[in-house]
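Take a look at the structure set out below.
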Amino acid sequence: MRDYQPEVGGIATDTIPNLLAGFVADRDRRSTDRRSSLMREMTNAVNKHGQDFHVSPPFTAEEATPAAAEQWATAEKQRLDAHELVQYEEQCRNAATEMTSAFRDDLLHRLDDAFTGIRATLTELNRHLADRQFHGRDYFSFKALEAPTHVT
């Protein structure tokens, strides 16, 4: 045990402080990298919001600290939540659903009418061709087949 006392003391006085200094440096580097990444993300989000909603934040990119951005974003959210158009949001959603449904129904009815018209035309053509001979021996008729890829 006495043989290891100098080594243990050296570990405590040399190795541990060096390890701690390395950990602190690594933490500082990671913090700096993450901070700059978050600042870029925040700036991009604020710019995108400004472009999408045609508003300008009251600070420049250099003045864009997290505290300033938070204060502005909170005020902006309150302004948007209190806007008079918010009360119509559900009505707009319902109207969009109803319009989509009505469009689909109308389109399906028109397609069904068109296919019914095609069948009627084919029936009429076949009625006229039924008693007609071509070259004294050939008869012709039209037939509508549903494509297997379109059958439900």
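The values are calculated or read from the model by the stated rules, or taken from the named source; none is laboratory data. Model, not experiment: these values are computed from the prediction. Methodologically, a virtual Cβ is constructed for each residue, glycine included, from the backbone with ideal geometry; neighbour enumeration extends over all protein chains shown. The protein model used for the area step is the full one, side chains on, heavy atoms only, and it has no ligands, DNA or RNA in it. Shrake-Rupley method; radii C 1.70, N 1.55, O 1.52, S 1.80 Å.
Here is how the numbers come out for the structure above:
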| read-out | value |
| --- | --- |
| Assigned charges on the beta-carbon of Lys, Arg, Asp, Glu; the chain dipole about Cα centre (debye) | 580 debye |
| Candidate values (i) 38.4, 124; (ii) 16.6, 68; (iii) 17.1, 60, label of the one derived for Rg and Dmax of the Cα atoms in Å | (i) |
| Portion, in percent, of the accessible area of the chain that falls on carbon or sulfur, probe 1.4 Å | 58 percent |
| 222 nm mean residue ellipticity, helices alone, for the chain (DSSP H n ≥ 4; -39,500 (n - 2.57); rounded to 500) | -23500 deg cm²/dmol |
| The stretch 92-152, accessible area per residue, ligands and nucleic acids excluded (1.4 Å, Å²) | 95 Å² |
| Angle in degrees between helix 66-81 and the longest Cα principal axis of the chain, rounded to the nearest 10 | 30 degrees |
| Summed residue charge, Cβ within 13 Å of PHE140's Cβ, Lys/Arg positive, Asp/Glu negative | +2 |
| Selected from ARG137, ARG35, ARG110 as most flexible by GNM, with the chain as the system and alpha-carbon contacts under 10 Å | ARG137 |
| Farthest toward positive dipole pole in the stretch 27-152 [+1 Lys/Arg, -1 Asp/Glu at C-beta], among PHE142, VAL86, GLN71 | PHE142 |
